[in-house]
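The values are calculated or read from the model by the stated rules, or taken from the named source; none is laboratory data. No experiment lies behind these values; they were computed from the predicted model shown. Glycine gets a Cβ as well: all are built from the backbone with ideal geometry, and neighbour counts include every protein chain shown.
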Amino acid sequence: MFFTADGINRITFLRSDPIFQEKLLQFQYSKTIVFLKGRALAVKDNPKSLYLPYLTDVSNILAKYREVFTTSPENITPFDNQFSLVFLGLSTEYSQDDHVFRYNDYMGVPVFGIDIRQDDYVIPQSTTVLESMAQAFTLSKFHASIYSYAQMYLKWQLKYKFCPGCGSRMYLLDLGTKVHCSSSSKENMCPVKNANVDNIWFPRTDPIIITSITNMDGSKFLIGRNKRARKTEQEGGFRLFSTVAGFMEPGESVEQACVREAWEETGVRASSENVVLVSSQPWPYPANLMIGCITKVEFNGVNENVYLGHDPELEEAIWFDTQLLIDALVRCGENTSNLISLTDDIKFPGDRTIAFTLLKEIASRYVKPKL
């Protein structure tokens, strides 16, 4: 799945180890994913590769953050407005030419993410800025995964500079993977800092369900055309269809969310018992986890009727024969990274998205009855 790969050992249990922190920040050959005001830098002549300089190449930042990460909380430095830095883990994707970091039984190439917000920062001539999602889609799977990972953490750091409970400055802990409230007031105790259990200190990942919709035997599938896709459609001269998706509500199961979103967006009625979980995908726009499912609708003359009057998000939603999808996948072969043609004027997302995975799953599960 794009935006996720197995090449990073996050070693989350070592992030708070002061000896590990000090040795890691002294290591000269850590790789760094560089962002400039939230946009990643890639290698200009190799669109599959991020720009990954050594962390020591930005030594002024390293010196500042060594103090931040290794200082006791009572003397901690508040967030800096010009930089954000986070330790991502040890990469197991390295060559014989790479310098490997070792700590106890753990080894790999350390990888950091850094967001530079200085106006006078000069971009190296060998790099280019990833301006769009389409450019991120050209990265290799491993580079896309660490790009996604770093972006989610760095955006979270940028948002949580002040405590939502009392407004005090936040400070970083655990190599940039945790924040804490700096309030020391005993008269006005911070409701967040003094809570027994709270999730403010760690990054948010917002769950989104995304579901393909079929009938019970899988011979038909329903996809919709979002109104927000008009600009893309006008530029390309086609209609862009995809699966149904939406944020989960508090107190809602994945299955219930699929049934609700299917009904709200397309009007079709399904049951939680007919929802199957298929796969998931981290999605760094801004920090989501896409939970992919198949929702089956039992045709009875009512359940399958399309009605777009509840939530006016879709321009249209259409039931298609699954054989049409199978034929489209056969036609494109291995060339699935771009938009794929379902008909002459209808396209659906390529394999960088979980929507593609769900549609492909429908096609693979369908067994055409013998005549």
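Observations on the structure shown:
- The residues listed here are Ser212, Ser183; of these, the one that is under 30 Å from Phe299 (Cβ atoms) and of a type in the set (Gly, Ala, Ser) is Ser212.
Residue-wise test of (1) surrounded by 15 or more Cβ atoms within 10 Å (Cβ to Cβ); (2) within 24 Å of Gln234 (Cα to Cα); (3) in contact with a Gly (Cβ under 9 Å, 6 or more places away or on another chain).
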| position | (1), (2), (3) |
| --- | --- |
| Tyr307 | no, no, yes |
| Glu315 | yes, yes, yes |
| Asp327 | no, no, no |
| Asn338 | no, yes, yes |
| Lys347 | yes, yes, yes |
| Thr357 | yes, no, yes |
| Ser364 | no, no, no |
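- Test for Ser95: is it under 19 Å from Asn46 (Cβ atoms), hydroxyl-bearing (Ser, Thr, Tyr) and either in contact with a Gly (Cβ under 7 Å, 6 or more places away or on another chain) or not in a loop (DSSP other than H, G, I, E, B) (or both): no
- Considering the conditions (1) under 26 Å from Trp156 (Cα atoms); (2) surrounded by 13 or more Cβ atoms within 10 Å (Cβ to Cβ); (3) touching a helix residue (DSSP H, G or I) at 6+ places or on another chain (Cβ under 9 Å); (4) not β-branched (Val, Ile, Thr), Cys190 is excluded by exactly one of them, (3).
- Ser148 fulfils the conditions (1) outside any loop (DSSP other than H, G, I, E, B); (2) closer than 21 Å to Gln21 by Cβ; (3) not hydrophobic (A, V, I, L, M, F, W, C) except for a single criterion, (2).
- Every residue from segment 5-15 that is loosely packed, with under 15 Cβ neighbours inside 10 Å and part of a loop (DSSP other than H, G, I, E, B): Asp6, Arg10
- Residue in segment 130-144 that is modelled with pLDDT of 90 or more, touching a Phe, Trp or Tyr at 6+ places or on another chain (Cβ under 6 Å) and of a type in the set (Ser, Thr, Tyr) present: no
- Among the residues of segment 154-182, those identified as within 26 Å of Trp283 (Cβ to Cβ), touching a residue at least 60 places away in the same chain (Cβ under 8 Å), surrounded by fewer than 20 Cβ atoms within 10 Å (Cβ to Cβ) and in contact with a strand residue (DSSP E or B) (Cβ under 8 Å, 6 or more places away or on another chain) are Leu158, Lys161, Lys178.
- The residues on offer are Lys220, Lys227, and the sole one that is surrounded by fewer than 14 Cβ atoms within 10 Å (Cβ to Cβ) and in contact (Cβ under 8 Å) with a residue 12 or more places away in the chain is Lys227.
- Those residues of segment 16-50 which are in contact with an Asp or Glu (Cβ under 8 Å, 6 or more places away or on another chain), exposed (fewer than 15 other Cβ atoms within 10 Å of the Cβ) and not basic (Lys, Arg), in sequence order: Ser16, Tyr29, Gly38
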